[in-house]
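The values are calculated or read from the model by the stated rules, or taken from the named source; none is laboratory data. Because the structure is predicted, anything quoted here is derived from the model rather than measured. Please note: Cβ atoms are built from the backbone with ideal geometry, for glycine as well, and neighbour counts cover all protein chains shown. To get the accessible areas, we keep the full protein, side chains included, count just its heavy atoms, and leave off ligands, DNA and RNA. Shrake-Rupley method; radii C 1.70, N 1.55, O 1.52, S 1.80 Å.
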Amino acid sequence: MTDTLEKLVETADGAAASAAPKRLFIKTYGCQMNVYDSERMADVLRPLGYATTDAPEGADFVILNTCHIRERAAEKVYSELGKLKQMRERKVARGDGGMTIAVAGCVAQAEGEEIMKRQPAVDLVVGPQAYHQLPELLTRTARARGERIGADFAPHEKFDALPAARGGDGPTAFLTVQEGCDKFCTFCVVPYTRGAEWSRPVAAVLAEARALADRGVREVTLLGQNVNAYDGEGPDGKPYTLARLAYALAEIPGLDRIRYTTSHANDMSDDLIAAHADLDALMPYLHLPVQAGSDRVLRLMNRKHGRQKYIDLIARIRAARPDMAIAGDFIVGFPGETDRDFEDTLDLVRQVTYAGAFSFVYSPRPGTPAATMAGQVEEAVALERLHRLQALLFEQQTVFNAAQAGKTLKVLFEKKGRYDGQAIGRSPYLQAVHVDSADHLLGQIVPVEIVSGAQNSLNGRLVDQGTI
Ligand code: SAH
Ligand code: SF4
Ligand code: F3S
């Protein structure tokens with residue numbers, strides 16, 4: 001590591017000059033796709049001598065990879081930018097050089113020009129389809145100022161231009177296979193910030209997965225805003241479904257676990273359901289948001305399916321894979337949502353039973369149809385609904401976790417725990433599992449006897465290999 005950090009570079013005239021590493025700090029907000037994008041931005045900048053640091057203080061280049069999904073997520077960016085501006089002033093004052101400040105991600109895409117106006121300290125605004133252009137943009141930041149870089153959606157250009165090598169360590173990795181959304185739910189900004197649905201070709205996905213497996217990755221999570229709508233071009237020129245892609249990935253030596261997120265109920269095809277019954281590598285955990293349990297609200301949201309279709313779909317999935325853990329997303333206080341509609345959401349949750357969930361108060365987003373719909377719900381009412389919904393969801397999650405006690409689950413150990421010797425891994429159902437005296441097993445998939453389960457994690461002990 002130190003040899004790259006302290007490396008000597010040959011200058012154009014042949015003289016050796018010392019090149020201190022340039023420090024890169026990337027702060028990631030929002031979904032897993034932003035986490036993936038941040039890793040790829042670091043990959044693109046590494047050949048330019050940038051090494052990532054885990055704090056902004058002293059960094060030469062700071063990127064905020066932003067999220068626009070709810071108002072609070074977008075507003076965080078501006079308070080962070082104010083702090084960065086001061087940090088840069090202190091850095092310059094102590095003679096430690098400057099700090100380039102960039103805003104990337106979905107806020108950059110949605111309100112690039114406004115960012116430049118509201119916070120002139122920003123040097124660069126880069127949309128989610130343009131981060132492969134970062135090296136070029138960095139060399140011309142002065143000219144790039146005020147431009148909205150990457151406002152056009154051209155995901156194929158981005159993925160083609162990314163370096164094959166991926167940095168990072170650890171036995172799990174994200175892998176974007178699909179980007180964008182054509183569904184236009186009336187509350188959601190994603191179709192505007194990520195563009196139309198587009199799938200990466202199968203060969204590109206397999207090549208990236210092989211490179212990850214060579215690096216010791218045992219589990220990939222395939223990412224897409226509508227990942228189960230995946231239809232990337234196969235080697236024969238015909239599209240692959242997500243199920244077919246999963247079978248191809250499962251052939252890669254070393255890659256033992258495959259997950260995918262986020263799925264839409266309407267794209268949950270029969271072959272994908274069948275793959276869950278058939279393919280050991282496909283983990284029994286499915287994130288399948290429904291948002292609401294009332295047909296009226298689902299229609300207003302333009303979710304394109306009703307409550308019964310979702311409930312029936314879950315039944316079909318569980319018929320194929322009885323132990324499937326289901327996770328959901330919910331929005332409460334959508335415009336026009338009545339107490340009766342909300343009761344329908346609680347009822348759906350009781351029928352489905354979730355292993356985990358994300359739930360939010362509806363946040364009106366500029367430019368989306370729901371923002372100007374009649375019947376906006378008072379915040380106090382929405383909050384009260386959120387608390388009731390979360391109480392039910394947390395109870396279900398706790399029951400699900402506690403029910404693992406006494407079972408033996410295969411755990412992929414990912415990192416060290418807080419206590420000496422402790423390791424933390426994931427069960428097939430994505431539960432965090434804490435095990436003592438297991439830190440020598442990082443990166444391995446090992447049977448663990450579950451001792452207890454609480455709301456957020458499980459405790460287990462290593463099974464004596466001789467007893468299996
Ligand atoms: N593609 C996924 C969701 C992506 S956005 C799907 O179709 O389900 C992640 C989650 O953010 C959504 O599932 C939704 O629950 C929430 N969300 C999106 N827009 C929102 C808004 N305007 N207000 C509150 N929550 C929102
Ligand atoms: Fe947003 Fe709906 Fe697309 Fe999900 S399916 S990303 S909620 S528009
Ligand atoms: Fe946020 Fe963009 Fe993801 S709006 S949730 S970072 S796709």
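The residues of the stretch 23-49 that are open to solvent by 30 Å² or more (accessible area, probe 1.4 Å) and closer than 14 Å to PRO135 by Cα, listed by number, are ARG46, PRO47, LEU48.
Only one of the listed residues (ALA405, ALA391, ALA371) is within 30 Å of GLY443 (Cα to Cα) and surrounded by fewer than 18 Cβ atoms within 10 Å (Cβ to Cβ). That residue is ALA405. Can you pull out the residues in the stretch 165-186 that are in a loop (DSSP other than H, G, I, E, B) and either open to solvent by less than 20 Å² (accessible area, probe 1.4 Å) or within 30 Å of THR372 (Cα to Cα) (or both)? Result: PRO171, VAL177, GLY180, CYS181, ASP182, LYS183, PHE184, CYS185, THR186. Go through the stretch 229-244 and report how many residues are assigned to a helix (DSSP H, G or I), open to solvent by 10 Å² or more (accessible area, probe 1.4 Å) and either modelled with pLDDT under 95 or within 16 Å of ligand 2 (Cβ to nearest atom) (or both). Qualifying residue count, the stretch 229-244: 1. The residue that is surrounded by the most Cβ atoms within 10 Å (Cβ to Cβ), counting only those in the stretch 270-302 that are among the polar types (S, T, N, Q) and within 16 Å of ligand 2 (Cβ to nearest atom), is GLN291.
Scanning the stretch 342-362 for residues that are in contact with a strand residue (DSSP E or B) (Cβ under 9 Å, 6 or more places away or on another chain), surrounded by fewer than 19 Cβ atoms within 10 Å (Cβ to Cβ) and polar (S, T, N, Q) yields a single hit, THR353.
Checking each residue of the stretch 125-133 against the condition of being under 20 Å from TYR78 (Cβ atoms) and either outside any loop (DSSP other than H, G, I, E, B) or modelled with pLDDT under 90 (or both) gives at least one match. One residue is enough: does the stretch 245-265 have a residue meeting the conditions within 16 Å of ligand 3 (Cβ to nearest atom) and open to solvent by 20 Å² or more (accessible area, probe 1.4 Å)? Yes, the stretch 245-265 contains a residue that is within 16 Å of ligand 3 (Cβ to nearest atom) and open to solvent by 20 Å² or more (accessible area, probe 1.4 Å). Of the residues making up the stretch 396-416, those that are in a helix (DSSP H, G or I) and within 25 Å of the chain's Cα centre (by Cα) are GLN396, GLN397, THR398, PHE400, ASN401.
Within the stretch 50-61, the set of residues being surrounded by fewer than 19 Cβ atoms within 10 Å (Cβ to Cβ) and among the charged types (D, E, K, R) comprises ASP54, GLU57. If I filter the stretch 70-81 for residues that are at pLDDT 90 or above, under 19 Å from the mean Cα position of the chain (by Cα), open to solvent by 30 Å² or more (accessible area, probe 1.4 Å) and within 16 Å of ligand 2 (Cβ to nearest atom), do I get at least one hit? Yes, some residue in the stretch 70-81 is at pLDDT 90 or above, under 19 Å from the mean Cα position of the chain (by Cα), open to solvent by 30 Å² or more (accessible area, probe 1.4 Å) and within 16 Å of ligand 2 (Cβ to nearest atom). Scanning the stretch 424-446 for residues that are part of a strand (DSSP E or B) and farther than 22 Å from GLN397 by Cα gives ILE445, VAL446. Counting only residues that are more than 16 Å from ligand 3 (Cβ to nearest atom) and either open to solvent by 10 Å² or more (accessible area, probe 1.4 Å) or more than 13 Å from GLY167 (Cα to Cα) (or both), the stretch 210-228 holds 10 of them. Across the stretch 215-247, what is the total count of residues that are more than 11 Å from PRO201 (Cα to Cα) and among the aromatic types (Phe, Trp, Tyr)? Looking only at that region, the number is 1.
Residues of the stretch 187-207 that are open to solvent by less than 40 Å² (accessible area, probe 1.4 Å), within 11 Å of ligand 2 (Cβ to nearest atom) and part of a helix (DSSP H, G or I): VAL190, PRO191, THR193, ARG194.
Residues of the stretch 311-364 that are within 16 Å of ligand 2 (Cβ to nearest atom) and either modelled with pLDDT under 95 or in a strand (DSSP E or B) (or both): ALA327, GLY328, ASP329, PHE330, ILE331, VAL332, ALA357, PHE358, SER359, PHE360, VAL361.
Here GLN376 clears all of (1) part of a helix (DSSP H, G or I); (2) within 22 Å of PHE184 (Cα to Cα); (3) more than 29 Å from the chain's Cα centre (by Cα) except the condition numbered (1).
Only one of the listed residues (ILE63, ILE69) is within 16 Å of ligand 1 (Cβ to nearest atom) and either under 21 Å from ALA42 (Cα atoms) or in contact with a Lys or Arg (Cβ under 9 Å, 6 or more places away or on another chain) (or both). That residue is ILE69. For the stretch 171-187, the criterion of being in contact (Cβ under 8 Å) with a residue 12 or more places away in the chain, touching a Cys at 6+ places or on another chain (Cβ under 7 Å) and within 16 Å of ligand 3 (Cβ to nearest atom) is met by none of the residues.
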